[in-house]
1. Scanning chain B for trypsin sites (Lys or Arg not before Pro) in DSSP loops with at most 13 other Cβ atoms within 10 Å, what's the longest stretch left with none?
2. Taking the Cα centre of the protein assembly as shown as origin, sum charge times position over the Cβ atoms of Lys and Arg (+1) and Asp and Glu (-1), and report the length of that vector in debye to the nearest 20.
3. Express the Stokes-Einstein translational diffusion coefficient of chain A in µm² s⁻¹, to the nearest whole number, given a Kirkwood radius over alpha-carbon pairs, 4 °C and a viscosity of 1.567 mPa s.
4. Size of the dipole of the range B:26-117 about the Cα centre, Lys and Arg at +1 and Asp and Glu at -1 on the beta carbon, nothing else charged, in debye to 20?
5. When the distances between all Cα atoms of the range B:1-69 are binned every 10 Å from zero, what whole-number percent does each bin get?
6. As an exercise, find the ratio Rg/Rh for chain B from alpha-carbon atoms, using the Kirkwood inverse-distance average for Rh.
7. Of the residues B:Tyr107, B:Tyr89, B:Tyr49, which exhibits the maximal mean-square fluctuation in a Gaussian network model of chain B defined by a 10 Å Cα contact cut-off?
8. Considering all projection directions equally, how large on average is the shadow of the alpha-carbon convex hull of the protein assembly as shown, in square nanometres?
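None of the figures in this text is laboratory data; all of them are computed from the coordinates on show. What you see is a predicted model; the values in this text were computed from it and never measured. Note that we place each Cβ from the backbone using ideal geometry, even for glycine, and neighbour counts take in every protein chain shown.
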Amino acid sequence: GQQVMQIPQYQHVQEGEDFTTYCNSSTTLSNIQWYKQRPGGHPVFLIQLVKSGEVKKQKRLTFQFGEAKKNSSLHITATQTTDVGTYFCAGQNPMNYGGSQGNLIFGKGTKLSVKP
Amino acid sequence: KAGVTQTPRYLIKTRGQQVTLSCSPISGHRSVSWYQQTPGQGLQFLFEYFSETQRNKGNFPGRFSGRQFSNSRSEMNVSTLELGDSALYLCASSLTGTGLSTKNIQYFGAGTRLSVL
């Protein structure tokens, strides 16, 4: 079945260091979304990427969508303690792919901890 | 605008019992999806409902079922509970659940934490 693999599973960084999480799909995606879940909280939408090769920035966060629309990355520059949490990517299948109608497939997430 | 509301927040059941969880989506949202979250497996998709119809289904046994009402509120039922069903169950609503626009962005509720003893 369709899978979205996300690495690394855990990342411990010193405050001020950079952080990157990678997402790879076994199939071409129509779009990819990124979510952040703070400890004890629920996932919150960060961004959606739609176009091949798209790059979007939100302050210290940079999101990329691969040319083949099968991989994506989230890069955080100069991490802060407020960045702590689990980051999920979620890929959406094209409509009617394999019988499904475009449901989101979540990666297992990358849990980021930041040491002050 | 009120967010996604899930009730109850916490639930303790014993093996063999059944449970019903409730989700009220954001007003105007027609798609409701359910996810199971466990530490080892991340977010696993259970099913999605749109206009009272199950539109997508994940790889969960038939003990897991759901429904959606005409006001888009949704319920999830788990019968014959097993210890492995202990998890955080998240509901997410979106305008349509599909498509390339922002209409498929998922807005999550706070979840129901189910413990099966």
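1. Excluding the exposed sites themselves, the longest stretch runs over B:64-117.
2. Working: 24 positive and 11 negative charges, 65 e Å.
Magnitude of the dipole: close to 320 debye.
3. On the way: Rh = 14.2 Å.
Roughly 91 µm²/s, to the nearest whole number.
4. Result for the range B:26-117 is approximately 200 debye, rounded to the nearest 20.
5. For the range B:1-69, the pair-distance distribution reads 17, 48, 32, 4.
6. 0.96
7. Its mean-square fluctuation being the largest, the pick is B:Tyr107.
8. Over all viewing directions, the protein assembly as shown projects a mean Cα-hull area of 12.4 nm².
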